[in-house]
Amino acid sequence: MTIGWTRGGGSNVFVPPSWPAVGSSGPITRTRNTPFSYFMNVCTHSYSLVWYDWAEWETFIDWMALSGLNLVLAMTGQEEVQYKVFQKFGLNDTTIREWFNGPAFLTWSRGQNEYGNDIAGPLPRSFMKAQWNLQKQIL
């Protein structure tokens with residue numbers, strides 16, 4: 001059986017005609033060497049996950065849980081927080097949105113110091129708000 005990422009080939013889940021007896025010879029225990037399994041980086045969120053909607057995230061979260069991943073970056077929607085901070089500093093809407101790169105290039109802003117280059121921007125407010133709301137669902 002394979003429980004896979006939809007965009008990485010999907011799943012091959014099957015239900016056997018009968019399940020083996022569990023517990024008849026004692027409890028089944030699994031352990032791991034480390035308490036945390038880190039997953040993803042800034043590029044994953046920009047290149048792959050930036051186009052995910054809630055349905056895709058929900059499936060992805062299930063896959064992460066079934067895979068034992070328990071330390072996952074939560075970067076979706078961070079531009080909305082930054083936007084609000086910049087407003088408090090007195091910057092106007094256009095200046096702020098031009099500071100961010102477009103959705104497919106957010107990794108260049110987030111982790112590779114390309115802020116302010118307006119690559120494929122300005123970043124739409126509707127995108128920032130939608131990503132912020134999506135992040136709250138994800139968490």
### Query
Relative to the Cα centre, what is the charge dipole magnitude of the chain, using +1 at the beta carbon of each Lys and Arg, -1 at the beta carbon of each Asp and Glu, and rounding to the nearest 20 debye?
320
## Note on the structure
So the carbon and sulfur contribution to the accessible area of segment 35-104, 1.4 Å probe, in percent, is 61
### Query
Could you state the principal axis extents of the C-alpha atoms in the chain, from the largest down, to the nearest angstrom?
67, 28, 23
### For the chain, calculated [θ]222 nm from helices alone, where every DSSP H run of n ≥ 4 adds -39500 (n - 2.57)
-10500 deg cm²/dmol
### Message
Multiplying the sequence separation of A104 and W54 by 0.36 nm and subtracting their Cα-Cα distance, what value in nm do you get?
### Response
16.2 nm
## Note on the structure
Probe 1.4 Å, heavy atoms of protein chains only: per residue, the accessible area of the chain in Å² is 65
### Alpha-carbon spread of segment 13-84, three principal axes, descending order, Å
58, 30, 19
### Task
Name the shape class, rounded, prolate or oblate, that the alpha-carbon gyration tensor gives for segment 48-93, where a ≥ b ≥ c are the square roots of its eigenvalues, rounded holds for a/c under 1.5, and otherwise prolate holds if a/b is larger than b/c and oblate otherwise.
prolate
### Under 18 Å from the Cα of K136 - aspartates and glutamates, other chains or at least 8 residues apart
D53, E56, E58, D62, E79, E80
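For segment 78-139, report the % of Cα-Cα distances exceeding 15 Å.
Cα-Cα pairs in segment 78-139 separated by more than 15 Å: 47 percent.
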### Query
Taking the chain as a Gaussian network, Cα atoms linked when under 10 Å apart, which of Y83, Y52, Y38 shows the biggest mean-square fluctuation?
Y38
### Query
Of the residues F127, F39, F105, which exhibits the maximal mean-square fluctuation in a Gaussian network model of the chain defined by a 10 Å Cα contact cut-off?
F39
## Note on the structure
The farthest towards the positive end of the charge dipole of the chain, of the residues A120, S46, S25, given +1 on Cβ of Lys and Arg and -1 on Cβ of Asp and Glu, is S25
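The values are calculated or read from the model by the stated rules, or taken from the named source; none is laboratory data. Values in this document were obtained by computation on a predicted structure and should not be read as measured data. Counting neighbours? That spans all protein chains shown, and the Cβs are built from the backbone with ideal geometry, glycine included. In case anyone asks, the SASA skips ligands and DNA or RNA and just uses the protein heavy atoms, side chains included. Shrake-Rupley method; radii C 1.70, N 1.55, O 1.52, S 1.80 Å.
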